[in-house]
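Quick notes on the structure that follows.
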Amino acid sequence: MQSYLRRLGYRALRPVMARLQELEQTFDAGTRVIDRKIQDSWHDQNVRTDHLKILLTVDHETARETADLMAAGIHALRADLDALVEWGSPPGLARLRQGTLREVDAAVATALNRAADRDGFAAQAGVYFEPPAQVTWGPGRAWIAEVTAGSVVNPFLAVQIGRLERPAEVLDLANGDLALDLAVVGLGHRLAIAGRDGFPIDHPRVQTIELTPGDGTVAPFDAVLLVTTAPGDTGPRLERWGSSLPGLVKPGGLLAAALAVGAPGPDGAESLPAEAMTGSEVLKALDGWDVTDRALAVQRNAFTWDVVADDNPGEAGILLVSARRSR
């Protein structure tokens, strides 16, 4: 009788055991799915973190540190991360390519502003153009921040070079602004550029040359461009090239220059950094040249430049000079 009851109990428990086994298998399968979702979630988090690091490497060390912290578990910033990383994704770039100003956020504005710097991406690639007006970007907006020296310097120099009989041989002592170089060759002249590794385009009237002050291996030119529009520029300086200029220009040839000049203060100190010569010093360095045109470009405010007669050689600004070699 007891044996019968035991067999009956086993038969009754079989459905229960089968159900328990089925539940166990379901639980195991669900656990594996959850594990995969967790792994995928952490993978997505890490991918977004990597994208954020790549996107914000431009002067954003703090952002990279934040990304590292987020990878360690700061999920409260996940929404900010997604918003920033979205610009590194194809959909974000697609929206930006549509040209809608409202799609420009802080990260994109920072990259655009960096690209326009004198030492920005274009300058590093050797394709920098000095704009007549500097545009600054912000989230969803753009505005003119400054009218630059290029708005007065390039027109003055282009007029001087334009008076040469074509085709003239012109030497540019590496002013750094490709807009002026292209204007010279656009006027039909041939241009040699000193101090550049190369020219970014293949132009039939442009060549780059190796040249140092005092180098007598090159034939003299019909005209020389000498441009240094800021006291801190690393470009050609009159102090460095002054004594060599007569050997670079044919008799009667042209010197077209735009040179930052300072003004002595009441205590004898210059109002601009020490690198800047005064107007009087520039004119003294041009002894032996016949100055045919001379003016001073003065920046009155961020948006206004005045070109005035250089009656006061002690005033600060950009000295615009056109001179002919007399001896």
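Values in this text are rule-based calculations from the coordinates and carry no lab data. Computed from a predicted structure; not experimentally measured. Neighbour counts are summed over all protein chains in view; Cβ atoms, including those assigned to glycine, are modelled from backbone coordinates with ideal geometry.
Structure values in brief
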{"item": "Distant-in-sequence amide H partners of residue 221 (H built 1.01 Å from N, under 5 Å)", "result": "249, 250"}
{"item": "Under 5 Å, built H, 5+ apart or other chain: amide partners of residue 305", "result": "300"}
{"item": "For residue 193, net neighbour charge (Lys/Arg +1, Asp/Glu -1) across residues whose Cβ lies under 13 Å away", "result": "-3"}
{"item": "Sum of side-chain charges, residue 309 neighbourhood, beta-carbon under 15 Å (Lys, Arg +1; Asp, Glu -1)", "result": "-4"}
{"item": "Principal axis dimensions, largest first and in whole angstrom, of segment 149-264 by Cα", "result": "44, 33, 30"}
{"item": "³J(HN,Hα), Karplus 6.51/-1.76/1.60, whole Hz, each residue of segment 142-150, x for Gly, Pro", "result": "8, 8, 7, 8, 6, 8, 8, 4, x"}
